[in-house]
Amino acid sequence: MPDARSGSQRYWGAGGPPRAGGIEYRLVRESTLREFRRGRLGRPDICDAQPELLRVARNLGRETTTECPVCEEANLVHVWFAFGPRLPAQGRALAQGDLGSLGGSRADITCYVVEVCTECSWNHLLRTFTVGGGAGNRIR
């Protein structure tokens, strides 16, 4: 996670970082990319973003300075989704700043951060974490 020197407020939003207990998927990401580079996975196997994910990435995604590890032609975009009670069954894509408004929920809301390349359709789940769930579990 970024620290204050790297712009944590810009990264997480005004609500700050989520509570402890999130899951990072960077090891899985690196393993997938290693298998691709070794030729054990083809580009169609890993560049398979659904049209809806690409649409959300183009319209609500947060641009990064990280170059796509597959096509090396575009920077990755982070897309955030929230799932929980009183949210649509298919979840809700979060725009910049929406995370803070979810932190006050009394129910647990699970958030997913997906990195997407809108050029080659690479996508990978980066992390999951929970917000809400009462006063003791709110985003700080």
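The values are calculated or read from the model by the stated rules, or taken from the named source; none is laboratory data. No experiment lies behind these values; they were computed from the predicted model shown. Backbone-built Cβ (ideal geometry, glycine too); neighbour counts: all protein chains shown.
Filtering the range 48-85 to residues that are in a strand (DSSP E or B), within 11 Å of the chain's Cα centre (by Cα) and not hydrophobic (A, V, I, L, M, F, W, C) leaves Arg62, His78. Filtered by the rule that a residue be closer than 12 Å to Ser121 by Cα and without any contact (Cβ under 8 Å) to a residue 40 or more places away in the chain, the range 54-71 gives a lone residue, Arg55.
Scanning the range 63-113 for residues that are buried (at least 17 other Cβ atoms within 10 Å of the Cβ) and more than 17 Å from Val131 (Cβ to Cβ) yields a total of 5. Scanning for something farther than 13 Å from Cys120 by Cα and either modelled with pLDDT of 95 or more or of a type in the set (D, E, K, R) (or both), does the range 14-21 turn up at least one residue? Looking for residues that are farther than 13 Å from Cys120 by Cα and either modelled with pLDDT of 95 or more or of a type in the set (D, E, K, R) (or both), one finds at least one in the range 14-21, hence yes.
Within the range 34-53, can one find any residue that is under 15 Å from Tyr112 (Cα atoms) and modelled with pLDDT under 95? No, every residue in the range 34-53 fails to be under 15 Å from Tyr112 (Cα atoms) and modelled with pLDDT under 95. Here is the figure for the range 32-47: residues that are within 18 Å of the chain's Cα centre (by Cα) and part of a helix (DSSP H, G or I) total 3. For the range 132-139, the criterion of being modelled with pLDDT of 90 or more, hydrophobic (A, V, I, L, M, F, W, C) and either crowded, with 19+ Cβ neighbours inside 10 Å or out of contact with any helix residue (DSSP H, G or I) (no Cβ under 7 Å at 6 or more places or on another chain) (or both) is met by none of the residues.
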